[in-house]
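Heads up, the thing below is written out as structure tokens.
The values are calculated or read from the model by the stated rules, or taken from the named source; none is laboratory data. Since this is a predicted model, take the numbers as computed values, not measurements. Quick reminder, even Gly has a Cβ in these numbers, built from the backbone with ideal geometry, and neighbours come from all protein chains shown. When the accessible area is computed, the model is the full protein with side chains, heavy atoms only, and any ligands, DNA or RNA have been set aside. Shrake-Rupley method; radii C 1.70, N 1.55, O 1.52, S 1.80 Å.
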2 protein chains.
Amino acid sequence: MHYDLYYWTGLQGRGEFVRLALEDAAADYTDVARVEGDAAMNAFLEGQHEGARPFAPPFLKAGRLVIAQVAGILHYLGPHLGLVPQAESRRLQALQLQMTITDLVAEVHDTHHPIASALYYEDQKTEARRRAEDLRSNRLPKFLGYFEDVLEQGGGRHALGQHSYVDLSLFQVMSGLEYMFPKRMATLAPTLPLLQALRARIAQRPNIAAYLASERRVAFNTRGLFRHYPELDAA
Amino acid sequence: MHYDLYYWTGLQGRGEFVRLALEDAAADYTDVARVEGDAAMNAFLEGQHEGARPFAPPFLKAGRLVIAQVAGILHYLGPHLGLVPQAESRRLQALQLQMTITDLVAEVHDTHHPIASALYYEDQKTEARRRAEDLRSNRLPKFLGYFEDVLEQGGGRHALGQHSYVDLSLFQVMSGLEYMFPKRMATLAPTLPLLQALRARIAQRPNIAAYLASERRVAFNTRGLFRHYPELDAA
């Protein structure tokens with residue numbers, strides 16, 4: 001099966017969670033907007049294609065299926081790419097964990113955009129400072145502590161007791177947060193040994209290492225989801 | 001199958017999306033915290049039960065399965081309760097739509113809590129006013145316009161061409177928003193005829209009508225997700 005991934009050019013964003021799964025599994029896929037430009041997504045977003053209409057990128061075209069929402073895309077891809085356990089109960093568990101990552105990602109986004117996505121960061125900096133303080137102090141320890149516990153319950157090395165798309169997404173979360181909040185993540189590090197080891201192991205998987213070294217991996221930047229604004233970070 | 005639903009007492013919140021599905025299908029379920037108190041959830045949240053560990057309520061216990069995240073719970077319940085089409089592609093479409101409702105719900109929550117969930121509304125009122133203006137002007141028309149289009153593509157009466165848990169959730173979204181933003185929803189009403197008709201039809205389904213008239217339906221209030229603060233509303 002050939003897959004077409006649709007996502008904004010120039011940033012990792014939410015599309016990166018899907019890209020990591022496709023790359024890890026060496027799937028046959030096209031990153032369409034990077035070939036044809038962002039406008040290639042419009043016909044889908046305007047409902048001119050058959051299949052489910054996406055609210056926003058990323059979305060995946062697989063044959064006649066169009067699937068949007070990161071956790072939905074990964075729920076679909078998981079069995080096809082061998083990136084989720086086969087039992088239905090474990091697939092549901094993976095879905096739940098991925099949706100919790102979605103929640104964290106939304107909070108990370110709203111940290112630099114606490115008032116409106118449509119406004120520039122510069123127009124909501126005061127509010128962003130206040131929100132970042134709460135994220136650093138309360139929300140990051142709560143979310144990351146939860147995923148650390150999940151790894152422990154999964155035997156220490158995997159969220160689901162075996163390699164899955166959830167592990168790949170946790171790699172991305174840790175990488176993004178370490179770019180965004182280097183000071184805060186350094187003080188949290190001693191409390192997150194399993195997440196840190198997972199991040200290092202995933203980076204060394206051959207297909208992931210090749211991807212990270214390629215030009216297909218866009219560098220973290222301040223147009224993406226995880227943004228490094230030094231004034232929002234603190235130990 | 002008997003289901004145990006776990007969610008905070010005293011508010012509708014995210015649990016209500018699950019409750020509406022269980023009520024519509026006349027499922028055999030216990031709303032556990034309402035019987036035993038909120039502390040009944042602790043053992044699950046602390047990872048002392050077998051099964052997947054929830055990050056937060058609501059979560060559902062179905063036999064040995066524990067499932068968290070509204071969209072995950074409804075994805076599981078859908079086929080058991082006859083509340084989703086059988087084809088896998090349609091189940092995925094329902095999941096995607098429900099996740100988009102989750103996104104809207106998170107934005108609605110953050111409108112009265114733009115800085116921190118842990119702070120009182122009164123401590124973030126200034127920021128809430130700014131965020132509410134963006135939600136009213138940009139985000140509500142975008143989200144609700146999308147769901148109006150989805151209904152149109154589904155034949156006018158249903159998001160998925162037949163009754164599903166997505167329709168029940170859209171009923172809840174419309175009901176909550178009309179409580180929260182009566183002025184804004186009145187000006188949007190002419191642009192959302194299908195959503196308004198859906199809301200009216202769902203309210204008249206016998207099991208839903210009985211539920212809404214019962215004491216099991218907690219009234220909307222300012223502890224829940226949809227909160228009416230007059231200063232956040234405007235036409």
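Here are the numbers:
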{"item": "Relative counts (whole %) of C-alpha pair distances in the stretch B:3-81, using bins that are 5 Å wide", "result": "3, 16, 31, 29, 16, 5, 0"}
{"item": "Over the stretch B:1-154 - Rg/Rh using Cα atoms and the Kirkwood inverse-distance radius", "result": "1.00"}
{"item": "Theoretical ellipticity at 222 nm over chain B - DSSP helices of four or more residues, -39500 (n - 2.57) apiece, nearest 500", "result": "-16000 deg cm²/dmol"}
{"item": "Coil-residue trypsin sites (Lys or Arg not before Pro) of the stretch A:62-148, DSSP, other Cβ within 10 Å capped at 10", "result": "A:R64"}
{"item": "Cβ-derived FRET efficiency at R0 22 Å, A:A189 paired with A:Y229, nearest 0.05", "result": "0.60"}
{"item": "Built amide H within the under 5 Å cut-off of B:Y3, gap 5+", "result": "B:D28, B:Y29, B:T30"}
{"item": "Loop trypsin sites (Lys or Arg not before Pro), the stretch B:166-219, which have at most 15 other Cβ atoms in a 10 Å radius of their Cβ (DSSP)", "result": "B:R216"}
{"item": "Chymotrypsin sites (Phe, Trp or Tyr not before Pro) within the stretch A:115-216, DSSP loop, no more than 11 other Cβ atoms inside 10 Å", "result": "A:Y120"}
{"item": "Compactness relative to 2.2 N^0.38 Å, alpha carbon Rg of the protein assembly as shown", "result": "0.93"}
{"item": "Per-residue mean of C-beta atoms belonging to partner chains within 10 Å, peptide B:94-106", "result": "5"}
{"item": "Other protein chain Cβ atoms within 10 Å, averaged over every residue that makes up A:66-74", "result": "5"}
{"item": "Whole-angstrom gap from the stretch A:135-177 to the stretch B:189-235, using each part's C-alpha centre", "result": "37"}
{"item": "5 Å-binned pair-distance histogram of the stretch A:88-205 (Cα, whole percent)", "result": "2, 11, 21, 22, 18, 12, 8, 5, 1, 0"}
{"item": "Relative contact order of the stretch B:88-204, pairs being alpha-carbon contacts under 8 Å that are 6 or more residues apart, as %", "result": "24"}
{"item": "For residues of A:110-118, the mean tally of beta carbons on other chains within 10 Å", "result": "5"}
{"item": "Relative contact order [Cα under 8 Å, 6+ residues apart], chain A, whole percent", "result": "22"}
{"item": "Rounded to 5, percent antiparallel among DSSP beta bridges of chain A", "result": "75"}
{"item": "Sum of side-chain charges, A:K125 neighbourhood, beta-carbon under 11 Å (Lys, Arg +1; Asp, Glu -1)", "result": "-1"}
{"item": "Chain B, accessible area per residue, ligands and nucleic acids excluded (1.4 Å, Å²)", "result": "39"}
{"item": "Beta bridge orientation in the protein assembly as shown: antiparallel %, DSSP, nearest 5", "result": "75"}
{"item": "Surface share of carbon and sulfur [accessible, 1.4 angstrom probe, percent] for the protein assembly as shown", "result": "50"}
{"item": "Total accessible area lost when B and A pair, probe 1.4 Å, Å² to nearest 100", "result": "3800"}
{"item": "Computed over the stretch A:3-81: relative contact order in percent, which uses C-alpha pairs under 8 Å that are six or more apart", "result": "35"}
{"item": "With at most 14 neighbouring Cβ atoms within 10 Å, loop GluC sites (Glu not before Pro) (DSSP) excluded, longest segment of chain A", "result": "A:51-214"}
{"item": "The stretch B:172-235 shape via C-alpha gyration tensor axes, a/c threshold 1.5", "result": "oblate"}
